[in-house]
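Novice: Once you've had a glance at the structure underneath, I'll fire off some questions.
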Amino acid sequence: MTAVTLLESAQYQDDATATFAAVAAVAAQVAAIVPQARIEHIGASSIPGAVSKGDLDICVLVPPQDHAPGVAALEAAGCSAKADTLRAPDLCMLLWPGATMHVALQVVASGSPFECFLHFRDALRADPALVAEYNRLKQRFAPEGVDRYREEKARFIAQVLQAAGKPLAAD
């Protein structure tokens, strides 16, 4: 069992913000190919005060008909499919090359249940008590290994989305 290493927000958020700005600038070039793309910073690094593994998640939200062409454009720009992740007609997780930190792009079809990435981020940004609870949960389960850590995070995310009346994408 390998423990998950977490960083306090002060240890990673400045780098995450700078990396997001650089990636968003390049992603804007991809948006020229997929004109309706909307780029959103998601994940713990987008939530003030949240602890994180120190990675960066970006949502590339596109109209459903532009999902496959959007993925192809990102792959042509050097992105690669993230191993061992869900791939669906309305979700593709890609890795961004050449960044100073781990950067994952979640290419999401608008209107799909995978917009839950945005809903979860927004719920935590609006409620510092939820951020504190999320931090405690992550710190509690990080030493128990990645599987347990992800399982407990998924349970928490589902509870937050349910309380907000937002749909949760199926695993």
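Novice: Can you tell which of Pro128, Ala169, Met93 lies farthest toward the positive end of the dipole of the stretch 74-171, using +1 and -1 charges on the Cβ of basic and acidic side chains (Lys, Arg; Asp, Glu)?
Specialist: Ranked along the dipole, the leading option is Pro128.
Novice: Determine the relative contact order of the chain: mean sequence separation of Cα pairs under 8 Å and six or more apart, normalised by residue count, in whole percent. It would help to have the intermediate numbers written out before the result.
Specialist: Working: 282 pairs, mean separation 41.6, N = 171.
Worked out over the chain, it gives 24 percent.
Novice: Put +1 on the Cβ of each Lys and Arg and -1 on the Cβ of each Asp and Glu in the stretch 37-153; which of Ala77, Ser46, Phe141 then has its Cα farthest toward the positive end of the dipole?
Specialist: Phe141
Novice: Cα to Cα, under 23 Å, and not fewer than 8 places away if on the same chain: which lysines meet these conditions relative to Lys166?
Specialist: Straight-line reach from Lys166, under 23 Å: Lys138, Lys153.
Novice: Nearest 0.05, what FRET efficiency do Leu137 and Asp15 give at R0 = 30 Å with Cβ-Cβ as r?
Specialist: Working: r = 24 Å, r/R0 = 0.79.
After rounding, the FRET efficiency stands at 0.80.
Novice: How large is the accessible surface per residue of the chain, computed with a 1.4 Å probe and reported in Å² as a whole number? Don't skip to the answer; put the middle values down first.
Specialist: Details: 8550 Å² over 171 residues.
Here the per-residue accessible area is 50 Å².
Novice: Same structure again: Round to the nearest 10 and give me the degree value, 0 to 90, for the angle of helix 9-33's Cα axis relative to the longest principal axis of the chain.
Specialist: 20 degrees
Novice: Using the beta-carbon distance between Ala76 and Arg125 and R0 = 45 Å, what value does 1/(1 + (r/R0)^6) give for FRET efficiency, to the nearest 0.05?
Specialist: On the way: r = 33 Å, r/R0 = 0.73.
Calculated transfer efficiency: 0.85.
Novice: Give the long-range amide H neighbours of Ile42: residues separated by 5 or more places, or on another chain, with amide H under 5 Å away, using H modelled in the peptide plane at 1.01 Å from N.
Specialist: Close amide H contacts, sequence-distant or interchain: Asp57, Ile58, Cys59.
Novice: In debye, nearest 20: dipole of the chain around its Cα centre with unit charges on the Cβ of K, R (+) and D, E (-)? Mind dumping the intermediate values first?
Specialist: Numbers: 14 positive and 19 negative charges, 40 e Å.
For the chain, the charge dipole is close to 200 debye.
Novice: How tilted is helix 67-76 with respect to the longest principal axis of the chain? Cα atoms for both, answer in degrees (0 to 90, nearest 10).
Specialist: 90 degrees
Novice: For the chain, take the longest principal axis of its alpha carbons; what is the angle in degrees between that and the long axis of helix 128-141, to the nearest 10 within 0 to 90?
Specialist: Here the helix axis deviates by roughly 80 degrees.
Novice: If you plug each phi of the stretch 115-120 into the Karplus form 6.51 cos²θ - 1.76 cosθ + 1.60 with θ = phi - 60°, what whole-Hz ³J(HN,Hα) values come out, in order, with x for Gly and Pro?
Specialist: Running phi through 6.51 cos²θ - 1.76 cosθ + 1.60 with θ = phi - 60° gives 5, 4, 4, 6, 4, 5 Hz.
Novice: Would you mind telling me the share, in percent, of accessible area of the chain contributed by carbon and sulfur at probe 1.4 angstrom? Mind showing how you got there, number by number?
Specialist: Values: 4630 of 8550 Å².
Carbon and sulfur together cover 54 percent of it.
Novice: So, one more: About the Cα centre of the stretch 1-59, what is the dipole size in debye to 20, counting +1 per Lys and Arg Cβ and -1 per Asp and Glu Cβ, all else neutral? Could you put the intermediate results ahead of the total?
Specialist: Details: 2 positive and 6 negative charges, 34 e Å.
Computed charge dipole of the stretch 1-59: roughly 160 debye.
Novice: Whole-Å semi-axes of the stretch 53-171's equivalent ellipsoid, largest first, each the root of 5 times a Cα gyration tensor eigenvalue? Could the numbers behind the result be given before it?
Specialist: Numbers: eigenvalues 130, 66, 31 Å².
Result for the stretch 53-171: semi-axes of 26, 18, 13 Å.
The values are calculated or read from the model by the stated rules, or taken from the named source; none is laboratory data. Note that the structure is predicted; figures quoted are calculated from it, not measured. So basically every Cβ, Gly included, is an ideal-geometry build from the backbone, and we count neighbours across all protein chains shown. Each accessible area value is taken on the protein alone, full model and side chains, heavy atoms only, with ligands, DNA and RNA left out. Shrake-Rupley method; radii C 1.70, N 1.55, O 1.52, S 1.80 Å.
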